[in-house]
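Since every read-out is calculated from the coordinates, none of them should be taken as a lab result. Here the structure is a predicted model, which means the values were calculated and not measured. Positions of Cβ are generated from backbone atoms using ideal geometry, with glycine treated the same way; all protein chains shown enter the neighbour counts.
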Amino acid sequence: MGYSSCCISYPRQKHSSKVILFLILLSLAVVCSHVILIYISKTSELLPIDQIEYRRNRESLIGHLPISAVTRQTIPVALHNASKNLFESLETATLTEDNLQLGLKGISASDNEVYHDGDVFLKDYKEMNRSFKIYVYPHRQDDPFANILLPTQEEPTGNYASEHYFKNVLMKSHFITEDPSEADLFYMPFSIVKMRHDPRIDVPGIPYFVRDYVFNISQRYPYWNRTGGADHFYVCCHSIGKKAAQQAASVKLNAIQVVCSANYFVSAYIPHKDASMPQIWNRPQEDPQNLVSSERNKLAFFAGRNNSPVRERVHRIWGNDTEIRAKSDWVSNIAEEQLGSKFCLHVKGYEVNTARASDALLYGCVPVIIANHYHLPFADVVNWKSFSVVLEDGDIPSLKKILKGISSEQYFMLRRNVLKVRKHFQWHTPPVDYDAFYTTMYQLWLRRSAVRISSVV
């Protein structure tokens, strides 16, 4: 009887243990869920501010004020009655310190101001120029991979010129130090674009090259090991760069990635840590002669191949429209088209980034961003709502209604701010104050560590 009693009670004890284990696991799951939710709520920059506000206020934006890029500010001069003198009074040349003090003093992050905080930007910019130092890992001219590690001698060209401009300009700048103890950040100068076209590496070999490069510098120098790479960065404008850290987790999690394909929906890009850089096409560095005076009779313009469902939808709906010119191939008179259009569309292709936003700004055309999950370039510095229209893929059927719903006064504000901000999206050799190089450096300066580590722990 005692034995049978034991046999009866044993299954009950086993069942009870399973219930307790289940409750413990369930409790842990609930706690973890709450921690994740708290983290998401505290790090809302996983979505850019403009897209968060756009989604929160979607109904009111579509019904009354059709974009998140403007406010109900009345400007007394309508665009079609504006004289050339009014446009000519806008600052279209190099942004000087006097202009900044005039135009940025006391700015708050309202929708009609170009900078989130002009006072902070001006102060920080001066300090960055004075004290920011970069140490570049040295490589010899006879290195087998010198073509990948050293600056290119030819003029930057193609879709990924930003990467080459940055390296070429940085290496000749006052930010470079040969003393690692002075460095705020360490630059790993490998070129993803050059790897892409090197038959010894090609696309499949890029992650392994990056892995081996990090291993080599961590063995030869102490700087990577003391921070786990948190004070290191590399620059990449090719979309293939999102695969660069696949074999080097510390690069993905710790190092700063300055990239053009800044897609916060893809795990390879981490907002806060990484930085978004504008992609460009190589254009003449001089301003178009009729940048200010050009008559913009067309509502909107876009030209690009059908290499994504988003573009296919744009072409299908608006390809034959008389007010929105949507071409499924490139056009030879691209400058004329953009100078003659009020709005220029930046539509996602293979990736969220294209050079069309920078091109629109170059020609004084208000960019319309249609690229979900795009962490817009220089969002730390400039307020995209003040000079662009940021839409979702789902807004494509309503595109004309949204754009035509923008009043002349609202458009004038956007256009005025385009002429103010465009200098941040242009590359120059040598660099010019507040251009794309200096603004990229400012983003890096914001991401430097507050404490400089001088010895291995």
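Please give the contour-minus-distance gain from V30 to N306: 0.36 nm per residue of separation, less the Cα-Cα distance, rounded to one decimal in nm. Could you put the intermediate results ahead of the total?
Values: separation 276, 0.36 × 276 = 99.36 nm, distance 4.50 nm.
In short, 94.9 nm is gained.
Given K194/K298; K194/K420; K273/K348; K298/K420; K126/K243; K167/K273, which pairs have Cα atoms separated by over 30 Å?
Details: K194/K298 39 Å; K194/K420 34 Å; K273/K348 23 Å; K298/K420 22 Å; K126/K243 35 Å; K167/K273 20 Å.
In this structure, K194/K298; K194/K420; K126/K243 lie more than 30 Å apart at Cα.
Once you order the gyration tensor axes a ≥ b ≥ c over the Cα atoms, which shape class does the stretch 148-187 get: rounded for a/c under 1.5, otherwise prolate or oblate by comparing a/b with b/c?
Prolate, since a/c reaches 1.5 and a/b exceeds b/c.
Taking the Kirkwood radius as the inverse of the mean 1/r across Cα pairs, report the Rg/Rh of the stretch 350-457.
Details: Rg = 17.2 Å, Rh = 15.9 Å.
Ratio value, two decimals: 1.08.
Residue by residue through the stretch 127-139, what is 3J(HN,Hα) from phi via Karplus (6.51 cos²θ - 1.76 cosθ + 1.60, θ = phi - 60°)? Round to whole Hz and write x for glycine and proline.
5, 4, 4, 7, 10, 5, 10, 10, 9, 9, 4, x, 9
Consider a paramagnetic label point 7 Å from the Cα of V203 along Cα→Cβ; state which residues of the stretch 151-165 have an amide N under 19 Å from it.
159-161
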